[in-house]
Amino acid sequence: MSTEVDKPRCVVLLSGGLDSAVCLAAARADGREAHALSFDYGQRHRHELTGAERIARALGAASWRTLSLDLRAIGGSALTADIEVPKDRPDNASEIPVTYVPARNLVFLSLAAGLAEVLDAREVYIGVNAVDYSGYPDCRPEFIESFERTVALATRAGAHGAGVRVRCPLGSLSKARIIELGASLGVDFALTHSCYDPSGDLACGGCDSCRIRARGFAEAGVPDPTRYAGRPRGA
């Protein structure tokens, strides 16, 4: 990983997916010394982690580490339990899908804030998005704002007036706009993985993540390097 001097430090949550890769690129474009943090939490789609280190290196992260958690012990999600991943959900579906992982971003941000305190970093970057997404409650700006207030109360840095700020550079962008931003920042999308239910090297093409990703590439006019088992509906 690269070593940088006199740049503000930040922690970037890096799943290995498209959004988190663009988020890391955005942090670097903001002039940050970015320390990437990934989680192996028992997710069905842990194949995304195979790309996380390569993304961190390609985008010049100052460090990259993976923290292991066992969220399968809690379950309750198609990503962490033996529950079928829904395919081809209606575009206007309003219910929170079963791919929601209980308290995932709450846990991830808390641990990222802890790492930030250790690294003397003042910011955590996260690639949450509240436009083209599956309706997860922990992607909403209200949650991010509330978390910032909580972490200021819960950490030594916060008690000393140096609380962590949570940066969401993709929060108000459509998936197409995120892809356009990533392309302008030199993100190699072939390194990223988004599918919730892959089969070997093939993305399923039917889960929410595949369909939103494919539609975003089509709308952005950017070639999609993903190999799908079946053509995503609406792409």
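The values are calculated or read from the model by the stated rules, or taken from the named source; none is laboratory data. Quick caveat, the model's predicted, so the values are computed rather than measured. Cβ atoms come from the backbone with ideal geometry, glycine included; neighbour counts cover every protein chain shown.
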Can you pull out the residues in region 17-40 that are outside any helix (DSSP H, G or I) and either crowded, with 21+ Cβ neighbours inside 10 Å or among the charged types (D, E, K, R) (or both)?
Gly17, Asp30, Arg32, Glu33, Ala34, His35, Ala36, Leu37, Ser38, Phe39, Asp40
Can you spot a residue in region 122-142 that is surrounded by fewer than 20 Cβ atoms within 10 Å (Cβ to Cβ), part of a helix (DSSP H, G or I) and in contact (Cβ under 8 Å) with a residue 40 or more places away in the chain?
yes
Listed by first then second residue, the pairs whose first member lies in region 200-226 and is under 17 Å from Ala78 (Cα atoms), whose partner is of a type in the set (D, E, K, R) and assigned to a helix (DSSP H, G or I), with beta carbons under 9 Å and at least 6 positions apart or on separate chains, are Ala203/Arg213; Gly205/Arg211
If I filter region 172-193 for residues that are within 30 Å of Ala220 (Cα to Cα), of a type in the set (Asp, Glu) and assigned to a helix (DSSP H, G or I), do I get at least one hit?
yes
Note on region 151-164: residues of a type outside the set (A, V, I, L, M) and either within 15 Å of the chain's Cα centre (by Cα) or crowded, with 16+ Cβ neighbours inside 10 Å (or both) are Thr155, Gly158, Gly163
From Arg156, Arg140, which residue is in contact with a helix residue (DSSP H, G or I) (Cβ under 7 Å, 6 or more places away or on another chain) and not β-branched (Val, Ile, Thr)?
Arg156
Looking at Ala229 and the list (1) in contact with a Pro (Cβ under 9 Å, 6 or more places away or on another chain); (2) at pLDDT 95 or above; (3) among the small types (Gly, Ala, Ser); (4) surrounded by 16 or more Cβ atoms within 10 Å (Cβ to Cβ), which single condition is not satisfied?
(2)
